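A quick write-up on the structure given underneath.
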Amino acid sequence: MRIHLVSSMMGALSIVCGQAFAAAPAPLQQTNMSLAMANALVDATMSACHAKGRSAVAVVIDRGGHVLSLQRDDSVGPHNTDAARKKAFTALSTKTLSSVFAQNARQNPESSNLNTIDSLLLIGGGVPVRVGDEVIGAIGVGGAGGSSIDESCALQAIENVLGKSSR
């Protein structure tokens, strides 16, 4: 009887100890936007807008929504800085062009309240930045003379810096 009790206790102890020594959860490994890439994308975005004869503000955020790089031409209204950041956040959060998200939201009556979320801006000019299948950040552009121009500057920058489209 004693041997059976000791044997049962040893079995229970080995189960508990086995769980204690199980492998710890592995940390998440993700690709993220670097400062150097963000600066290159902002420079390329501003150059693309300037090539069209437009002034603008351009912002790049990382995958966590943090601003890494921002430039604003002297003649651009200050409200465009916040608009560009919100366009970038919208593209990052939805993993799609902010213009496409805005169009989809307008066409879906159940999405009519999305314009009440302060961090989103339902207008074109926000473009997700992808590396492979991962969205690692986004570009937001404002003040270039319309959301389609804003968006085209960001798309041109991604093509120039990363050699691909981010549609």
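Hey, does segment 109-123 have a residue that's at pLDDT 95 or above, part of a loop (DSSP other than H, G, I, E, B) and among the hydroxyl-bearing types (Ser, Thr, Tyr)?
no
Condition first: touching a Pro at 6+ places or on another chain (Cβ under 6 Å) and either among the hydroxyl-bearing types (Ser, Thr, Tyr) or surrounded by fewer than 21 Cβ atoms within 10 Å (Cβ to Cβ) (or both). Now tell me which residues in segment 86-123 satisfy that.
95
What do you reckon, is residue 19 at pLDDT below 95, among the polar types (S, T, N, Q) and under 26 Å from the mean Cα position of the chain (by Cα)? Write out each step before concluding.
Details: at pLDDT below 95: yes; among the polar types (S, T, N, Q): yes; under 26 Å from the mean Cα position of the chain (by Cα): no.
No, not satisfied.
Given the criterion among the small types (Gly, Ala, Ser) and within 27 Å of residue 163 (Cβ to Cβ), identify the matching residue among 48, 105, 83. If you could, list the steps in order and put the result at the bottom.
On the way: 105 fails: within 27 Å of residue 163 (Cβ to Cβ); 83 fails: within 27 Å of residue 163 (Cβ to Cβ).
One residue alone meets the criteria, 48.
Residues 117, 158, 139, 123: which one is within 18 Å of the chain's Cα centre (by Cα), in contact (Cβ under 8 Å) with a residue 60 or more places away in the chain and more than 12 Å from residue 59 (Cβ to Cβ)? Show your work before the answer.
Details: 117 fails: in contact (Cβ under 8 Å) with a residue 60 or more places away in the chain; 139 fails: more than 12 Å from residue 59 (Cβ to Cβ); 123 fails: in contact (Cβ under 8 Å) with a residue 60 or more places away in the chain.
From the options 117, 158, 139, 123, the qualifying one is 158.
Among the residues of segment 45-79, write down those that are over 13 Å from the mean Cα position of the chain (by Cα) and buried (at least 23 other Cβ atoms within 10 Å of the Cβ). Even if it seems obvious, please write down each step before you answer.
Narrowing segment 45-79 to residues over 13 Å from the mean Cα position of the chain (by Cα): 45-58, 69-79.
45, 48, 49, 56, 57, 58 - these are the residues of segment 45-79 that are over 13 Å from the mean Cα position of the chain (by Cα) and buried (at least 23 other Cβ atoms within 10 Å of the Cβ).
The values are calculated or read from the model by the stated rules, or taken from the named source; none is laboratory data. Everything quoted here is computed from the prediction, not taken from an experiment. Reconstructed Cβ throughout: ideal geometry from the backbone, glycine too, with neighbour counts over all protein chains shown.
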